[in-house]
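Here is the structure we will look at.
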């Protein structure tokens, strides 16, 4: 057994020894959370909100504001990025697709938005 494995096993044993009781109280104790923490369908966003600003954006044109107010969702969530970062990201992914880190970051970003 290597030194790294021994150190990992020791760290895991110490971690479990120190956190077993607090975690058991948190997850199974009388004050545990039952049900959702936040109200359902309140903090939501959609993929169009990445491009079209809403009322919580610092600069919003009137046509975009009137468009975003018609959507059947709460406007408290703001995921607005705008077109320039999206265009730069697509340009970077198409030019340097052969680089492993570009694929990883690009696909990870797309997965996070979806």
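Tabulated results
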| read-out | value |
| --- | --- |
| Subset of region 79-99 (residues that are surrounded by 10 or more Cβ atoms within 10 Å (Cβ to Cβ), free of Cβ contacts under 8 Å to residues at least 12 places away in the same chain and in a loop (DSSP other than H, G, I, E, B)) | 96, 97, 99 |
| Residues of region 43-64 that turn out to be surrounded by 11 or more Cβ atoms within 10 Å (Cβ to Cβ) and not in a helix (DSSP H, G or I), as a count | 12 |
| Test: residue in region 34-53 that is over 21 Å from residue 113 (Cβ atoms), over 25 Å from the mean Cα position of the chain (by Cα) and modelled with pLDDT of 80 or more | no |
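The values are calculated or read from the model by the stated rules, or taken from the named source; none is laboratory data. Remember, predicted model here, so these are calculated numbers, not experimental data. Quick reminder, even Gly has a Cβ in these numbers, built from the backbone with ideal geometry, and neighbours come from all protein chains shown.
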